[in-house]
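See structure below.
The values are calculated or read from the model by the stated rules, or taken from the named source; none is laboratory data. This one's a predicted model, so the numbers in the text were calculated from it and none came from an experiment. Quick reminder, even Gly has a Cβ in these numbers, built from the backbone with ideal geometry, and neighbours come from all protein chains shown. To get the accessible areas, we keep the full protein, side chains included, count just its heavy atoms, and leave off ligands, DNA and RNA. Shrake-Rupley method; radii C 1.70, N 1.55, O 1.52, S 1.80 Å.
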Amino acid sequence: MTSGSVGARQQGSLSWLVLPALVLFTAFGVIPLIGVLVLSFTSWNGIGEITLIGFGNWVSVLADPALVHSLGVTFLIMALSWAVQTPLSILVGVFIAGQQRYRAVLAVLYFTPLLLSSAAIAITYKALLDPNFGLGASLGIPFLVQNWLGDPVLAIATVVFVVSWQFIPFHSLIYQGAVRQIPASLYEAARIDGAGRVRQFFSITLPQLKYTLITSSTLMVAGSMAFFDLIFVLTVGGPSDATRVLALDMYLRGFRGNMMGPASVIALIIVVVAVLLAMGIQRLGGKDAGESQLEGA
Amino acid sequence: MATPTSTTAADTPAAVPVPRRVGAVTATTPRGGADRPNYLGGLTSFLWLGIIIIPVYWVVITSFKPQSAYYTSNPMLPSTPTLENYQSVIEADFLMYFLNSVIVTVGATVPAVLLSFMAAFAIVRGGRGRFLRFSNTVFLMGLACPTQAVIIPVYLIIIRLSLYDSHLALILPSIAFAIPLSVLILANFIRDVPNELFESMRMDGASEWGTMWRLAFPLTQPALITVSIYQGLQVWNSFLLPLVLTQSQEMRVLPLALWAFQGEYGINVPAVLASVVLATLPILALYVVGRRHLLAGMTAGFSK
């Protein structure tokens, strides 16, 4: 709501304030984004000369079954971790949003995974899940004594579990905040109408959480496109590439395989898929935006 | 997954290693004492609480065990507590890695937040200028781009600037990556400052520069703290950037050091876990001192 005359008089004198931020972001954000496109048409081993080679990288990467595999693994982990995290985050978020004091206390404990870096979490789980010396083995619980990181199927399950362990607290936190903003009058009205607990949840809580669901899902999806630290430390993409997600594929091709060209192609695929997915989710939820009673809350 | 939780959940609350009063209250609270019991939510929440707390508890007690006791003692009980793991971690140059992390985190977060604040102020107060609108669009588009995707050109640029394997190699890109979200959040906040306040500052003859620091800056303080914490955590925990842009041991930051430490001392699990605990302590301290700020910082821009 800046008044026109003031704004017009000041714009000349204010523009320079944006310059430092713009220059830095251009240097390490915009130019690299253009750079990754340029590099995708070149051959470079990371040290020597960069030579233009045309569409070679694109042809070889797009024809490589490894790309389909990485895309598949990325989507599989994305879908599974969404399906595990979303219902749990909503249940936990609704629960800790309650007014009882002990729930606030529980919340303090819930958020402990948020304090740990992905590297720390991965290192912890590597030690904890060790089939010979891990927690399961020393407690003697047969179910826990499995080759969690050595078996392709179990490794995927482990990654999904650890991702959920790390991020459910964050998403519960978002849901907790959103639940607390639902007007109590809605529940009172429902109770007068004789709606039970379950009915209230499905008729009031869930519809009111729609926008939070979209935000949370967007973050989960965008986040899983960028999964790197956790999987890199946990499995380095193994066993036999079972957990080689796109970001890891990019790193391994570029910085381990010294093929920056193909790695740049993967990087661009990550950007495109991430943007498309985010737009898709927003559209999915945006269709009936007018219905929300929570708009602007 | 229900088996381990149910067998150990009973003794977890009392033994939880986080603040004292916390454990006490949890232990004495009756389950579902509310007028409208939410059994499913309650059950799930307690189960998940166990799943969260057991590994954390295990990490802490194991980090105090001598290596010999790790293989023989009950994993869920403390046994012959010792500080030798912490000692060996600290002797393995831990303080240097810690210092590197502090330098990079502070060196990136403070400029990032200040520059973003200046940019946000110009974008909000400068109004209709084409250049400012263009800048805003660039930042907004930057929000959609994952850091991982530009790491290869960033690596190339850092090499060409002869910054490879230095603190600046981590600081400069970290500032840049922090700018878009910081500008967005801070601009939203500055927009909420009543226009009358700006007007009265102008009447008193204050320059825009003075108005920015003496009016907008103090009024935006909650958002500045939130954004600083969020971006600070991003840098503190960042792994790919240091992995790609540094090489020598002297430049190693904590997440990288943890990983290297596990590679070298992998068999000595208690020592590896002690390094995890040590690396987390600063954030734990922040959590204890300013939980509200920290949690707000973690969901910066997402919960509104």
Have a look at segment A:175-296 and give its Rg and Dmax from the Cα atoms, expressed in angstrom.
21.0, 68
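Calculate for chain B the 222 nm mean residue ellipticity that helices alone would give, adding -39,500 (n - 2.57) per DSSP H run of length 4 or more and normalising by residue count, nearest 500 deg cm²/dmol.
Working: 17 runs with 213 residues, N = 304.
-22000 deg cm²/dmol, from helical runs alone.
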Taking the Cα centroid of segment A:101-116 and of segment B:77-115, what is the distance between the two, rounded to the nearest whole Å?
23
Segment B:87-298: relative contact order as a whole-number percent, Cα under 8 Å and 6+ apart:
33
Let me check the size of the protein assembly as shown from its C-alpha atoms; what are the radius of gyration and Dmax in Å?
25.1, 77
Average beta carbon contacts from partner chains per residue of B:130-140, 10 Å cutoff:
4
Given the peptides B:102-110, B:161-169, B:180-188, arrange them by the average over their residues of other C-beta atoms within 10 Å, most packed first.
B:180-188, B:102-110, B:161-169
Could you do me a favour and compute the accessible area per residue for segment A:90-246, 1.4 Å probe, result in Å²?
35
Taking only Cα atoms of segment B:177-304, the Rg to Rh ratio with Kirkwood Rh works out at 1.15
Extended-chain gain in nm, criterion 0.36 nm per residue less alpha-carbon gap, A:R283 and A:R180:
34.5 nm
With all protein chains modelled, accessible area of A:F41 [1.4 Å, Å²]:
50
By the DSSP-based rule, helices of chain A that are at least 27 Å long along the axis (C-alpha) and have a mean Kyte score of at least 1.6 are A:65-96, A:260-286
Expressed as an acute angle from 0 to 90° and rounded to the nearest 10, what is the orientation of the C-alpha long axis of helix B:130-142 relative to the principal long axis of chain B?
20
Per residue and in Å³, how big is the convex hull formed by the alpha-carbon atoms of segment B:87-298?
142
At a 1.4 Å probe, what is the % contribution of carbon and sulfur to the accessible area of segment B:87-298?
63
Counting only protein heavy atoms with a 1.4 Å probe and every protein chain in place, the carbon and sulfur fraction of the accessible surface of chain A in whole percent equals 68
Rg/Rg_ref, chain A, where Rg_ref = 2.2 N^0.38 Å and atoms are Cα
1.25
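What translational diffusion coefficient, to the nearest whole µm²/s, does segment B:64-159 have by Stokes-Einstein, given a Kirkwood radius computed over alpha-carbon pairs, a temperature of 37 °C and 0.692 mPa s viscosity? Show your work: numbers first, answer last.
Working: Rh = 18.6 Å.
D = 176 µm²/s.
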Accessible-area loss of at least 30 Å² (1.4 Å probe, chain alone to full protein assembly) applies in segment B:149-171 to B:A149, B:V150, B:I152, B:P153, B:Y155, B:L156, B:I157
Rounded to whole Å², per residue accessible area for segment B:37-97 with a 1.4 Å probe reads 46
Can you give the FRET efficiency to the nearest 0.05 for B:L197 and B:Q67, using r as the Cβ-Cβ distance and R₀ = 56 Å?
0.35
Could you go through segment B:257-274 in sequence order and give the Karplus-derived ³J(HN,Hα) for each residue, using 6.51 cos²θ - 1.76 cosθ + 1.60 with θ = phi - 60°, rounded to whole Hz, and x for Gly and Pro?
5, 4, 5, 5, 4, 5, x, 7, 10, x, 6, 8, 4, x, 5, 4, 5, 5
Hey, got the average number of other protein chain Cβ atoms within 10 angstrom for residues in B:251-259?
3
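When you count, for each residue, the other Cβ atoms within 10 Å and take the mean per peptide, how do B:204-212, B:265-273, A:166-174 rank with the highest first?
Those peptides, ordered most packed to least, come out A:166-174, B:265-273, B:204-212.
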Just the C-alpha atoms of segment B:234-283: what Rg/Rh do they give, with Rh taken as the Kirkwood radius?
0.97
Tell me, what is the percent relative contact order of chain A, built from C-alpha pairs under 8 Å that lie six or more residues apart?
26
Averaged over peptide A:91-103, how many Cβ atoms belonging to another chain are found within 10 Å of each residue's Cβ?
5
Using alpha-carbon coordinates alone, the radius of gyration and Dmax of segment A:118-190 in Å work out to 18.6, 57
Quick one: which residues, 5+ away or cross-chain, put their amide H under 5 Å from the amide H of A:T42? H built at 1.01 Å from N.
A:I53
Estimate for me the total accessible surface buried between chains B and A (protein heavy atoms, probe 1.4 Å, no ligands or nucleic acids), in Å² to the nearest 100.
9200
For chain A, what is the charge dipole size about the Cα centre, in debye to the nearest 20, if Lys and Arg each add +1 at the Cβ and Asp and Glu each add -1 at the Cβ?
660
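For segment B:131-215, with only Lys/Arg (+1) and Asp/Glu (-1) charged at the beta-carbon, what is the dipole magnitude about the Cα centre, in debye rounded to 20?
Once rounded to the nearest 20, the dipole reads 260 debye.
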In degrees, nearest 10, range 0 to 90: what is the angle between the Cα axis of helix B:221-237 and the longest Cα principal axis of chain B?
50
Solvent-accessible ranking of B:R133, B:R291, largest area first, probe 1.4 Å
B:R133, B:R291
Once both axes come from the Cα atoms, what is the angle between helix B:151-160 and the longest principal axis of chain B, in degrees from 0 to 90, rounded to 10?
70
